Amino acid sequence: MLLNQMKLLITLSLTFSLLLISCTEERPVNLSVSREEVKEYYESGKFDKELDEVIDKAKIEFDKVDIKNNSVVIFDVDETALDNYGLAEQMGFGYVYEMNKKWNAEMKAPAIPQVKELYDFLLSKGAKIIFLIGRNFPEYEVTYQNLKSTGYSVFDTLITQIGNEKKMKAIDFKSSKRIWLTEQGYEIIGTVGDQCSDLEGLYHGIQVKIPNYLYLIED
C-alpha cells in the first residue's frame, strides 16, 4: 500500500514538473498573439504617439543645422513616407508577392502624416529632398505618382534599384547611392527610414528611425 502511494506521488510530481516546464520555459510568442499585439499597437494610437515623439525630436535636431543650397535629406518610401499598413493587414501580417505588387501598382498607400510633416518642415527650411527606395525600376512610375498624389510634390529625384542592384544588400545599395549623391555635390544632412539599412553606412547625417513593427530587413 505504501509503495503504491509513493509511486503515485512520484508520477504526479513528474507530471506536474513537465507541465510546469512546458508552460514556463521560454519559447517564441505564438504568431496569432504577435499579430494581435501589432494590430493593437498600430490601431490604438500607441504607434502614432511613438512616431510623434520621433518626429518632434528630429525637427529639433534639423533646426540646429545650417541649411545650404546643396543640403539634402534622404527619405525612404515604404513605411517611411508611405503607409502600407492596409496591405499588411490584408496579407495577414505576412508577405504575399502578388498582393504587394498589386497594391503598389494601384498606388493605394497614403502618406504617413507625421513624416509628411517633417518633409514639409525641411522644405520650409530650404533643404532638398531625395527619395531612395529598394523597389525595382519597373515600379518607378507608380511610386513617383503615389508620392506626388499623397502630397510629396517637391523633390529632386526618386532613386530605385536597377539592373544588378536588386541583388545588392539593402545597406550596400543605399550607402552606395549616398556616396554617389555626395560625389554629385550634395551635402547629406539627414536620412529618414524605417530600417537600419536606410540609415547606416557613409554620409547619413542625422539619422531618423521611423518605427516599423510590420517587418524587418536584416541585410
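The values are calculated or read from the model by the stated rules, or taken from the named source; none is laboratory data. Because the structure is predicted, anything quoted here is derived from the model rather than measured. Please note: Cβ atoms are built from the backbone with ideal geometry, for glycine as well, and neighbour counts cover all protein chains shown. Heads up: the accessible areas ignore ligands, DNA and RNA and are worked out on the full protein's heavy atoms, side chains in. Shrake-Rupley method; radii C 1.70, N 1.55, O 1.52, S 1.80 Å.
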Item to check | Lone unmet requirement of (1) open to solvent by less than 50 Å² (accessible area, probe 1.4 Å); (2) free of Cβ contacts under 8 Å to residues at least 24 places away in the same chain; (3) farther than 27 Å from LYS39 by Cα for LEU199 | outcome: (3)
Item to check | Scan of the range 61-100 for residues that are out of contact with any Pro (no Cβ under 8 Å at 6 or more places or on another chain), part of a loop (DSSP other than H, G, I, E, B), surrounded by 14 or more Cβ atoms within 10 Å (Cβ to Cβ) and not polar (S, T, N, Q), ordered by number | outcome: VAL65, ILE67, ASP76, VAL77, GLU79, ALA81, MET91, PHE93
Checklist outcome for this item: Within the range 113-126, residues in contact with a strand residue (DSSP E or B) (Cβ under 8 Å, 6 or more places away or on another chain), within 21 Å of ASP198 (Cα to Cα) and open to solvent by 10 Å² or more (accessible area, probe 1.4 Å) come out as LEU123
Checklist entry - What is the number of the single condition among (1) part of a loop (DSSP other than H, G, I, E, B); (2) hydrophobic (A, V, I, L, M, F, W, C); (3) in contact (Cβ under 8 Å) with a residue 60 or more places away in the chain that ILE189 does not meet? => result (1)
Checklist entry - Applying the selection to the range 124-148, what residues are over 21 Å from VAL73 (Cβ atoms), among the polar types (S, T, N, Q) and in a helix (DSSP H, G or I)? => result GLN145
Item to check | Options LEU87, LEU122, LEU51: the member that is at pLDDT 95 or above and within 24 Å of SER175 (Cα to Cα) | outcome: LEU122
Next on the checklist: Take THR160 and tell me if it is among the polar types (S, T, N, Q), buried (at least 16 other Cβ atoms within 10 Å of the Cβ) and part of a strand (DSSP E or B).
Outcome noted: yes
Checklist outcome for this item: Restricting the range 163-196 to residues that are of a type in the set (A, V, I, L, M) and within 16 Å of PHE75 (Cα to Cα), the one surrounded by the most Cβ atoms within 10 Å (Cβ to Cβ) turns out to be VAL192
